[in-house]
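**Q** Sending over a structure as structure tokens; questions will come in a sec.
The values are calculated or read from the model by the stated rules, or taken from the named source; none is laboratory data. It should be emphasised that the depicted structure is a prediction, and the values quoted were computed from it without experimental measurement. Because the Cβ atoms are built from the backbone with ideal geometry, glycine has one as well, and the counts that use them run over all protein chains shown.
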């Protein structure tokens, strides 16, 4: 039964993220309801697994492991203080009403957290025809990614005549995250709108859509989970289940290596243009495994110890940009070396061709070597080209496939850049392991995951190494293989540049 459950998780799980908006996300929701004499605001925050780990300790101020009512209300009131509402340019006096703070099961036996509250502000001097300019700003967790929605609606007796945001409630108070490809998650943290008191208590100008119900009992389904993140939460750790869980982690790591951003093309491009061997490919895989495992634990420590100072997901574009720059540097160095070697080879080839052509047309050189004493052949290398002396004073050149032996320093740099960006699911497993006091098991799962990642990269490297050997046997090797190192160095440079651009433009 456990085997079937794990296999089902592999088939139908979502390895990239457990929370619909991602393990790092904090989603915001604000719905304004204009009434005949007041303005009411429903507000909600939905924290995914990783921010919930750090915020839960903030809510539990006395560190006794229980969230008491006074702790809940104090936390909600503190979040309410970061909501700024002005009426006709003046700060509104907001009446605070806590609705709820709920923890819901997430991935890796970690919780997600949903908090809701209601704020009310009186509209001074309300009378039919009066208008009010409302401005709103939410400065809770401004740097965090997530769904950020603001809705403005009116009840009978009031009208909203203009608004910078929509009257349509898409997420139903963060209880439904649409997955339709055409819907882009909103990113609204500010709004401005105008409220007019309807003459004679007229009907509202906007359609009422239900959001967070009174009392904060909005139905919210559990976040989707996968077999890898749930492996850490197994109730019983029998030897058989441990082996099965490690196998699942390995498979998920393999699939993760096939997703964008883990250097598959870079590894292939480098090895196809170098005299790479199976040993080099294996070394590269080992470096990726070690780097990825260390990266997960380093980011986990940041999440637990310094999340209020360093936002974990903000480290991702920084790491990605640094990796991109490092790859660009490696690529440019290789490109310079290989262009120099190719030019030297072409110059010698042209000289050989001219010398051979001269002998074909000079009768004085015909058959002279038949009467000369025998000389010993010898070779020497210069500029990435092998020169063969037949003993008659004439040299013939042969291209060496690579201008220099492959560098383990370069392989080390490529391996680090390929494994430096930790997978969010692996981070969830680590945090879950700490919460469940299963650190050793969590480390084993992450290591198995990283081994799966490295196995795919190593396999790609081996495939490329053997494919290069096949290319070198083709009749066109002089035209293709001699230029392969330059082309591969250019591809490595382009990949690094693409990673850097994606990071700085927020597309990592």
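**Q** Count, please, the residues in the stretch 23-57 that happen to be assigned to a helix (DSSP H, G or I) and touching a helix residue (DSSP H, G or I) at 6+ places or on another chain (Cβ under 7 Å).
**A** Final tally of qualifying residues: 4.
**Q** Continuing with this model, one more query. Can you name every residue in the stretch 423-436 that is outside any helix (DSSP H, G or I) and within 11 Å of residue 233 (Cα to Cα)?
**A** The one that is outside any helix (DSSP H, G or I) and within 11 Å of residue 233 (Cα to Cα): 436.
**Q** Can I ask one more? Would you confirm whether or not the stretch 109-132 contains a residue that is touching a residue at least 12 places away in the same chain (Cβ under 8 Å), outside any helix (DSSP H, G or I) and out of contact with any strand residue (DSSP E or B) (no Cβ under 9 Å at 6 or more places or on another chain)?
**A** Yes: one or more hits.
**Q** Then there is this: Is the stretch 246-256 home to any residue that is modelled with pLDDT under 80, buried (at least 19 other Cβ atoms within 10 Å of the Cβ), more than 30 Å from residue 91 (Cβ to Cβ) and outside the structural domain of residue 113 (by TED's automatic domain parsing)?
**A** As a first pass, look at the stretch 246-256 and keep what is modelled with pLDDT under 80: 256.
Subset that is buried (at least 19 other Cβ atoms within 10 Å of the Cβ): 256.
Now restrict to residues that are more than 30 Å from residue 91 (Cβ to Cβ): 256.
Among the residues that remain, those that are also outside the structural domain of residue 113 (by TED's automatic domain parsing) are: 256.
The answer is yes, given that some residue of the stretch 246-256 is modelled with pLDDT under 80, buried (at least 19 other Cβ atoms within 10 Å of the Cβ), more than 30 Å from residue 91 (Cβ to Cβ) and outside the structural domain of residue 113 (by TED's automatic domain parsing).
One line per residue, one yes/no per condition, for (1) assigned to a helix (DSSP H, G or I); (2) out of contact with any strand residue (DSSP E or B) (no Cβ under 9 Å at 6 or more places or on another chain); (3) at pLDDT below 80:
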{"position": "260", "(1), (2), (3)": "no, yes, yes"}
{"position": "281", "(1), (2), (3)": "yes, yes, yes"}
{"position": "287", "(1), (2), (3)": "yes, yes, no"}
{"position": "309", "(1), (2), (3)": "no, yes, yes"}
{"position": "317", "(1), (2), (3)": "yes, yes, yes"}
{"position": "326", "(1), (2), (3)": "yes, yes, yes"}
{"position": "337", "(1), (2), (3)": "yes, yes, yes"}
{"position": "343", "(1), (2), (3)": "yes, yes, yes"}
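**Q** Just to be sure before I move on: is residue 440 over 28 Å from residue 297 (Cα atoms), over 19 Å from the mean Cα position of the chain (by Cα) and either crowded, with 20+ Cβ neighbours inside 10 Å or modelled with pLDDT of 75 or more (or both) in the structure I sent?
**A** No: the conditions fail for residue 440.
**Q** So which residues in the stretch 71-99 are touching a residue at least 12 places away in the same chain (Cβ under 8 Å) and in a helix (DSSP H, G or I)? Reasoning before the result, please.
**A** Within the stretch 71-99, the subset touching a residue at least 12 places away in the same chain (Cβ under 8 Å) is 71-77, 79-80, 82-89, 92-99.
Across the stretch 71-99, the qualifying residues are 71, 72, 73, 74, 75, 76, 77, 79, 80.
**Q** Is at least one residue of the stretch 199-212 closer than 26 Å to residue 176 by Cα and at pLDDT 85 or above? It would help to see each step written out before you state the result.
**A** Residues of the stretch 199-212 closer than 26 Å to residue 176 by Cα: 204-212.
Now restrict to residues that are at pLDDT 85 or above: none.
No, the conditions are met nowhere in the stretch 199-212.
**Q** For the stretch 186-201, state whether one or more residues are surrounded by 14 or more Cβ atoms within 10 Å (Cβ to Cβ), at positive phi and in contact (Cβ under 8 Å) with a residue 40 or more places away in the chain.
**A** No: zero hits.
**Q** State all residues of the stretch 15-48 that are within 25 Å of the chain's Cα centre (by Cα) and modelled with pLDDT of 85 or more; if no residue qualifies, say none. Break it down into steps so the answer makes sense when it comes.
**A** Going through the stretch 15-48, the residues within 25 Å of the chain's Cα centre (by Cα) turn out to be 15-29, 45-48.
Matches in the stretch 15-48: 25, 26, 27, 28, 29, 45, 46, 47, 48.
**Q** Is it the case that residue 110 is in the same structural domain as residue 42 (by TED's automatic domain parsing) and modelled with pLDDT of 90 or more?
**A** Against the criterion (in the same structural domain as residue 42 (by TED's automatic domain parsing) and modelled with pLDDT of 90 or more), residue 110 does not qualify.
**Q** Here's something else I'd like to know. Of the residues in the stretch 100-117, how many are surrounded by fewer than 20 Cβ atoms within 10 Å (Cβ to Cβ) and under 17 Å from residue 41 (Cβ atoms)?
**A** Count: 1.
One line per residue, one yes/no per condition, for (1) touching a strand residue (DSSP E or B) at 6+ places or on another chain (Cβ under 9 Å); (2) over 24 Å from residue 329 (Cβ atoms); (3) modelled with pLDDT under 70; (4) assigned by TED's automatic domain parsing to the domain that holds residue 145:
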site: 473; (1), (2), (3), (4): no, yes, yes, no
site: 482; (1), (2), (3), (4): yes, yes, yes, no
site: 488; (1), (2), (3), (4): no, no, no, no
site: 494; (1), (2), (3), (4): no, no, no, no
site: 500; (1), (2), (3), (4): no, no, no, no
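**Q** Would you confirm whether or not the stretch 140-153 contains a residue that is free of Cβ contacts under 8 Å to residues at least 60 places away in the same chain and surrounded by 15 or more Cβ atoms within 10 Å (Cβ to Cβ)? Explain how you work it out, then say what you get.
**A** The first filter runs over the stretch 140-153 and keeps only residues free of Cβ contacts under 8 Å to residues at least 60 places away in the same chain, leaving 142.
Remaining after also requiring surrounded by 15 or more Cβ atoms within 10 Å (Cβ to Cβ): none.
Looking through the stretch 140-153, none of the residues is free of Cβ contacts under 8 Å to residues at least 60 places away in the same chain and surrounded by 15 or more Cβ atoms within 10 Å (Cβ to Cβ).
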